[in-house]
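Below is one structure; the comments refer to it alone.
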Amino acid sequence: GWQASMKSGSLSYIIPCNRLPVQLMSQVRVYTSNGQKKDLGSEGINGSTPQETPHKVGTGRQDTSNAGQKQSFLKDPIQVKVKAVLKKREYGPKYTQNNFITGVRAINEFCLKSSDLDQLRKIKRRSPHDDTETFTVYLRSDVEAKSLEVWGSPEALARERKRRKEAEIKYRENLFRNQRLLREYKEFFGNTKPRSSTAAMFFKGPGKVVMVAICINGLNFFFKLLAWVYTGSASMFSEAIHSLADTCNQALLALGISQSARTPDPSHPYGFTNMRYIASLISGVGIFMMGAGLSWYHGIIGLLQPHPIESLLWAYCILAGSLVSEGATLLVAINEIRRSARAKGLSFYQYVVQSRDPSTNVVLLEDAAAVLSVAIAATCMGLTSLTGNPYYDSVGSLGVGTLLGTVSAFLIYTNTEALLGRSIQPEQLQRLTELLESDPVVRAIHDVKATDMGMSKVRFKAEVDFDGRVVTRSYLEKQDVELLLQEIQQVKTLEELEAFMLKHGENIVDTLGAEVDRLEKDLKQRNPDVRHVDLEIL
């Protein structure tokens, strides 16, 4: 059978294989985090107690043979080494002792003054912002201790936080009243503030196109309405409604342009650029409801209840003037889109289909539809004048409504796609991917996503597998190697080893963060459309 003996610090096994005992000897050392070493020793068979001696089996000659085999085994023992490891430190579910916080957060959350922070340790850390390299932070444990010192107890600190929260709520409630008083003050004394950048947007680019379209379409609506009152033509009524819808929609576009220029705030950290797409989407719905819907309604009523049309001379004159004015606005929109498409390296068709500039696209499509609808209305009114059949005029109204419905459907589709967050072009995504992969610090990238946020603003996200050896070498190149070797040679105990690794480990992590910042900066510089970069470390 099996026989085994065991003693402190040694393992002894006797395996019944041809009655030959085999004994394994090992010396076990246990290390603790304070560097102390406990040697449990190594004892041979000669130090065994009688209780630990294996039972003797067989004759005396066999016992003598076993003793000789044990002596030969003691001359060449088998050593088993045990790996020394640090004891795992338990941090618990919530550990904030190593957290850094900024001065603003320390003042707001812990109700301190700037003079209180002067007495605390100041730590320089790498800044997350592009405009500064380093910034000052404070250890959270120091800030918490200082707040308790200032306020006396956690209960007093909680009461102060509650009081400040109530004061903030009261301030927000009075904000509307303060803004109203400020407007009244400006109206009474006059606003001498220089023209804002929002107002300047309407004197160039898409804003200029929209303002020109508003003025021209407003005049067209007025004259077409007079012509419809004078002639009673269904086609002329459709044209008047069309011009009114264009005027209202372009006013909505102007509102979207002004709102898109607002600066980002904590509630909208990525800004308000999508307001242009929202305004264009509502504009498309308005064209469908007001323009197409009323034109179809008036055309169907004309077919069901036809009535003779008065003299069309004034209607022809107004249509001719409308054709010239709408054509002028169309040319302004075309020139603006050509210029913008050339700057982006896109064709005219690609720029329109991708809805790069929703405001100019709406003006372009509305004016193109206006020019075509004027031609349809003039043709149908001419046929009615020649034949005396009012049905041609009603058919013209239905044709204008169908044209407006097609334009509105295109606007709704393109702006919805833009608001959903579509991906950028594959060629541009490939350039961004190759730029990252060509960097020596990057081994591979995965899960790449690049979203067009609207108005030529791209958000790029990727999972990056960094080469730790390159990062470490980058850190070593900035160090004094001789000094580093001296530090290594001075490491004798476990505490010294732990301190050495913690010091340089933190520095290597900071080097990795600096490499991430460098890659993000390179992506933004080489691709101006990329405004937000999120590189996640695998």
key: Mean projection area, nm², convex hull over Cα of segment 199-420   = 12.3 nm²
inquiry  = Report the rotationally averaged projected area of segment 297-337 based on its alpha-carbon convex hull, in square nanometres.
reply    = 4.4 nm²
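Eigenvalues of the Cα gyration tensor times 5, then square-rooted: what semi-axes does that give for segment 93-189, in whole angstrom, largest first?
Working from the Cα gyration tensor, I get semi-axes of 33, 21, 12 Å.
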ask   = Among 431-439, 333-341, how do they line up from the highest to the lowest mean number of other beta-carbon atoms within 10 Å?
value = 333-341, 431-439
key: Cβ-based charge dipole, segment 412-515, positive-most Cα from 472, 424, 442   = 424
query = Measuring from the lowest to the highest alpha carbon on each principal axis, how far does segment 426-537 reach, largest first, in angstroms?
reply = 60, 21, 20
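Could you order the peptides 500-513, 381-394 from most to least packed, using the average number of other C-beta atoms within 10 Å per residue?
Ranking, from highest mean packing down: 381-394, 500-513.
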task = Evaluate the Kirkwood expression for the hydrodynamic radius of segment 253-318, namely the inverse of the mean inverse distance over all pairs of different C-alpha atoms, and round to one decimal in Å.
result = 15.5 Å
remark   = So the number of lysine pairs in segment 426-537 with alpha-carbon atoms under 20 angstrom apart, 8 or more residues apart or on different chains, is 10
query = Loop-only check: which GluC sites (Glu not before Pro) in segment 87-181 are DSSP coil with at most 10 other Cβ within 10 angstrom?
reply = 90
query = In segment 93-189, carbon and sulfur make up what percent of the accessible area (probe 1.4 Å)?
reply = 52 percent
request  = Quantify, in whole percent, the carbon and sulfur part of the accessible surface of segment 199-420 (1.4 Å probe; protein heavy atoms only).
outcome  = 72 percent
task = Could you tell me the number of lysine pairs in segment 93-189 with C-alpha atoms less than 26 Å from each other, where the two lysines are 8 or more residues apart or belong to different chains?
result = 17
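Can you give the accessible area per residue of segment 426-537, in Å², using a 1.4 Å probe?
That works out to 60 Å² per residue.
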note = What the Cα atoms of segment 336-411 span along the principal axes, largest first and in whole Å, is 53, 20, 15
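The values are calculated or read from the model by the stated rules, or taken from the named source; none is laboratory data. The structure presented is a predicted model; accordingly, all values stated were derived computationally and were not measured. As a convention, Cβ positions derive from the backbone with ideal geometry for all residues, glycine included, and neighbour counts pool all protein chains shown. When the accessible area is computed, the model is the full protein with side chains, heavy atoms only, and any ligands, DNA or RNA have been set aside. Shrake-Rupley method; radii C 1.70, N 1.55, O 1.52, S 1.80 Å.
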